[in-house]
Amino acid sequence: MEDYGRYDKSKSELTLQKGVSNCGQKVDLWWLWTSIIQAIYGIQTDGLYPQVKKGCTGTWAQINRSIFYIHAQHPNVSNILSKRISNGKNSLFWLDNWLGDTPFRDKFPRLFALEMDKSCTVFDRRSHDGWKWVWRRDIRPGVELQQLQELTAAINSVVFSDALDSWLCQGLPNGLFSVSRIRKLIDASPMGCWPTHWCKVIPPNINFFIWRARLNRLPDKCSLIDKGVNLQNVLCSSCNKHGEDLTHIFFECDVASQVWTNIASWLDLVLPVW
Ligand SMILES: [Zn+2]
């Protein structure tokens, strides 16, 4: 960052140097990173959460898909995230959960259907004397008007400031996001059959190895050939007798069997039959 400009940590602002951008223009870091990620992954916000385009790969795409997976398995985990509104520039009016416990998209579906810009921010809908709307057509009496009145009554009480919006974790101390608290919440949920924390008594690389093994993501020969890697054969590199898949490597191979036998002997244990 220092090579390209000055970063004001207290304001989360980056001032770019001349020649890098528009001559010392202040840039909101949140906006900057959002723009970069959107440009790379083609983020779509036509649902409750931003979604990367189909076919996109990479770390952010995996994170994004994990969020959808978690939400599909256990919606309450995702619903505890909400926005603390300040200036409204970083919060989506209809899609983010920023007032109450439900996004306006779900609370006022008839109005959301009429919205011209479904990804508009809260700031986009603010005006100097209240709110400005961009409907596809005029609001009709009945349900539409009633929803508009309810919406207006709710948001008229919101107090804005010049600070940036921030994320809140409902139910957590001070609303501050905590990876460990979220992790425990996921582990305690019905989908928590796969612990998300590492075992502290063994090295991180072994934790990582076991995690990959449980997901069947180790590069054994059978997996590599399934992925299109050109190998001469699928035979186990140790015994050269059977196909090298996860089960064979860890349990069925003569070499593995001997290792387990030795471990059991050292620890004076009786091996289970598998
Ligand atoms: Zn073998």
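Every read-out reported here was derived from the displayed coordinates using simple, explicitly stated rules and does not represent laboratory data. This one's a predicted model, so the numbers in the text were calculated from it and none came from an experiment. When we count neighbours, we look across all protein chains shown, and the Cβ atoms used for this are built from the backbone with ideal geometry, even at glycine.
Below is a table of values for the structure above.
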{"quantity": "Total formal charge among the other residues, if their Cβ is under 14 angstrom from that of residue 248, Lys/Arg +1 and Asp/Glu -1", "calculated": "-3"}
{"quantity": "Stretchable slack from residue 163 to residue 241, in nm (0.36 nm times residue separation minus alpha-carbon distance)", "calculated": "21.5 nm"}
{"quantity": "Peptides 102-113, 222-233, 177-188 ordered by average Cβ neighbours within 10 Å, highest first", "calculated": "102-113, 177-188, 222-233"}
{"quantity": "Extension gain (nm, one decimal) between residue 223 and residue 138, 0.36 nm per residue minus Cα-Cα", "calculated": "24.8 nm"}
{"quantity": "Nearest-0.05 FRET efficiency for residue 129 and residue 62, computed from C-beta distance (R0 41 Å)", "calculated": "0.35"}
{"quantity": "FRET efficiency estimate (nearest 0.05) - Cβ-Cβ, residue 198 to residue 150, R0 51 angstrom", "calculated": "0.60"}
{"quantity": "Where labels lie 7 Å past Cα in the beta-carbon direction, separation of residue 106 and residue 178 in nm", "calculated": "2.5 nm"}
